[in-house]
1. Could you check residue 46 against (1) buried (at least 16 other Cβ atoms within 10 Å of the Cβ); (2) in contact with a strand residue (DSSP E or B) (Cβ under 8 Å, 6 or more places away or on another chain); (3) within 20 Å of residue 94 (Cβ to Cβ); (4) not small (Gly, Ala, Ser) and say which number it fails?
2. Just need a number here: residues in the range 36-63 that are farther than 23 Å from residue 13 by Cα, under 13 Å from the mean Cα position of the chain (by Cα) and not hydrophobic (A, V, I, L, M, F, W, C).
3. Can you tell me which residue in the range 19-35 is surrounded by the most Cβ atoms within 10 Å (Cβ to Cβ), limited to those that are within 12 Å of the chain's Cα centre (by Cα) and in a strand (DSSP E or B)?
4. Any residue in the range 11-28 that is modelled with pLDDT of 95 or more and of a type outside the set (S, T, N, Q) sitting within a Cβ distance under 7 Å of a residue that is surrounded by 13 or more Cβ atoms within 10 Å (Cβ to Cβ) and in a loop (DSSP other than H, G, I, E, B)? List the pairs, counting only those 6 or more apart or interchain.
5. When the range 98-117 is examined, which residues are found to be out of contact with any helix residue (DSSP H, G or I) (no Cβ under 9 Å at 6 or more places or on another chain), in a loop (DSSP other than H, G, I, E, B) and at pLDDT 90 or above?
6. Could you tell me whether any residue of the range 68-86 is under 28 Å from residue 107 (Cβ atoms), free of Cβ contacts under 8 Å to residues at least 12 places away in the same chain, surrounded by fewer than 15 Cβ atoms within 10 Å (Cβ to Cβ) and among the hydroxyl-bearing types (Ser, Thr, Tyr)?
7. Scan 39, 60 and give me the residue that is crowded, with 16+ Cβ neighbours inside 10 Å, closer than 14 Å to residue 102 by Cβ and touching a residue at least 12 places away in the same chain (Cβ under 8 Å).
8. What are the residues in the range 1-18 that are part of a loop (DSSP other than H, G, I, E, B) and under 18 Å from residue 95 (Cα atoms), if any?
Amino acid sequence: MDCIFCKIVEGSLPSKKVYECDQVVAFEDIQPKAPVHVLIIPKQHIPTMNDVEGEEQFQLIAKIHEVAQVVAQKLGIADSGYRLVNNCGKDSGQIVFHIHYHLLGGESLGDLVGPKA
């Protein structure tokens, strides 16, 4: 499998990790869209939200949300606010097909999406 996030999980690609446990890893995005932009991924390869199935995987998604709270607190954006985004599929803008959440903050983020060009 040629998944960049799986390579980060296994340690063959470097990343600036801000959190890691046995199920989840969070690391800085290499092309940040906000002063704080962290990607939170499960260590288990699941391509998209549509591929999540079974109680164990849904509990993993809950764990990712728990990690988002921890990371937001750790990075000092929990009180001011942050955005947690999961893109599902190519039309949503998903580029890496390993489920992941973007944790964005550190400034006022404005509207979620702008007008179509």
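The values are calculated or read from the model by the stated rules, or taken from the named source; none is laboratory data. If you're wondering where the values come from, they're calculated on a predicted model, not measured in any experiment. In this analysis, Cβ positions are derived from the backbone assuming ideal geometry, glycine residues included, and neighbour counts consider all displayed protein chains.
1. (2)
2. Number satisfying all stated conditions: 1.
3. 26
4. Going by the 7 Å Cβ cut-off, the qualifying pairs are 18/75; 24/43; 25/43; 27/15.
5. Passing the criteria: 106, 107, 108, 109.
6. No, every residue in the range 68-86 fails to be under 28 Å from residue 107 (Cβ atoms), free of Cβ contacts under 8 Å to residues at least 12 places away in the same chain, surrounded by fewer than 15 Cβ atoms within 10 Å (Cβ to Cβ) and among the hydroxyl-bearing types (Ser, Thr, Tyr).
7. Matching residue, one of 39, 60: 39.
8. 1, 2, 3, 13, 15
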